[in-house]
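**Q** Sharing a structure here in structure tokens format.
The values are calculated or read from the model by the stated rules, or taken from the named source; none is laboratory data. What you see is a predicted model, and the numbers here were worked out from it, not measured in a lab. Note that each Cβ is placed from the backbone with ideal geometry, even for glycine, and that neighbours are counted across all protein chains shown.
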Amino acid sequence: MFRIRFHGRGGQGMKTASRILGSAFFRAGYEVQDAPRYGAERRGAPIFAYVRADRKVINERGIIDHPDLVVVADDTLVGMPAAGVTQGMDAHTLMLINSHESAEVWSQRLNTEASILILAAREDVADRASLPYIGSRCAAAAAALCGVISREILIAAINDELAHLSTDVIERNCQIAQTAFDQMSDQSGLVKQGGSLSAADYIPPEWIDMPFEKAEVSNLAIHAGATSVKVRTGLWRTMRPVIDYDRCSGCTWICSTYCPDGCIDVRADGYPEIDYDHCKGCLVCVAQCPPHAIESIPEQTAREQESGEQT
Ligand code: SF4
Ligand code: SF4
């Protein structure tokens, strides 16, 4: 059975990638499962999608723990624990990363036994947050690496899955997919199918016996206030709002009211202050600030600036 996981950010088309690859396998005569898995329902949040394909009936369900192929559309996710990119990878796994860096660099960074290949990131993409057509590129590269899907079947699958889009968009996806397919064709068949999993090998978790309690105890209702302060939603943020106090006019009833997470405080001097532990980076405040005193910068850039200031 082929077990393939696609990792990307919400909005980058990983669900579409899994659907295209799933349709292609199906057209090639395979039994198929494909499904996306979302964490935070938010553009930019890490998501993954997976595909199982086999000549036999597939009895496995749920997420893929031990992938044969891991495809990473956005290399900024690789080091992010919440994205779970490297979960279950071992010497059997092939990892394909859309990146400007080399496979050697990634092998050293990850210190992994998995084999690593690079899908060379396109130079003409100015805004890497959007990564246009990356879903079709990833699906095509994965199809080539599996070695059982022809170019014609891949193109037919793209036409199936993108049929709701305009002819121009479908055509552009097909062109980009064909290029990715050809780039990987030297490595055709590199993905090795994993063996079947036996239920006899199942190791049950160490269950904890919970006694039955009265409803008001077992069906928790949290009465204590401010418990959400413990959930650091700032860890999700990909873009950081930054206040330019030279422009800020102190109309804090605007930004602090519009912030959906209530994480813009008012300082003693009457000016706003963002709580970065809880700001999730929705950028509503950036849109609402009348004198445009809040700009958004990539979180990575902000962290680099901070570390530069500390050294
Ligand atoms: S809305 Fe803009 S100008 Fe007004 S207090 Fe907030 S940041 Fe400053
Ligand atoms: S980006 Fe969103 S969560 Fe963060 S301070 Fe602005 S409005 Fe609040």
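**Q** Test each condition in (1) surrounded by 16 or more Cβ atoms within 10 Å (Cβ to Cβ); (2) assigned to a helix (DSSP H, G or I) for Val169 and report the one that comes out false.
**A** (1)
**Q** Yes or no: region 64-72 includes at least one residue that is under 22 Å from Pro132 (Cβ atoms), surrounded by 19 or more Cβ atoms within 10 Å (Cβ to Cβ) and touching a helix residue (DSSP H, G or I) at 6+ places or on another chain (Cβ under 6 Å).
**A** yes
**Q** For region 228-243: of the residues being among the β-branched types (Val, Ile, Thr) and in a helix (DSSP H, G or I), which is farthest from ligand 2 (Cβ to nearest atom)?
**A** Result: Val229.
**Q** For Gly262, work out the one condition from (1) within 16 Å of ligand 1 (Cβ to nearest atom); (2) modelled with pLDDT of 95 or more; (3) small (Gly, Ala, Ser) it doesn't fulfil.
**A** Condition (2) is where Gly262 drops out.
**Q** Given the structure, is Ala17 within 21 Å of Leu235 (Cβ to Cβ) and touching a Gly at 6+ places or on another chain (Cβ under 6 Å)?
**A** no
**Q** Right, next: When you scan region 17-31, do you find a residue that is buried (at least 22 other Cβ atoms within 10 Å of the Cβ), closer than 21 Å to Asp160 by Cβ and of a type in the set (Phe, Trp, Tyr), even just one?
**A** Yes, there is a match, as at least one residue in region 17-31 is buried (at least 22 other Cβ atoms within 10 Å of the Cβ), closer than 21 Å to Asp160 by Cβ and of a type in the set (Phe, Trp, Tyr).
**Q** Pairs only if they're at least six apart or on different chains, beta carbon under 8 angstrom, first in region 296-311 and in the same structural domain as Val242 (by TED's automatic domain parsing), second assigned to a helix (DSSP H, G or I) and at pLDDT below 90; list them, first residue then second.
**A** Gln300/Thr76
**Q** So, one more: Residues Asp246, Asp269, Asp261, Asp277: which one is within 19 Å of Ala82 (Cβ to Cβ), more than 10 Å from ligand 2 (Cβ to nearest atom) and of a type in the set (D, E, K, R)?
**A** Asp277
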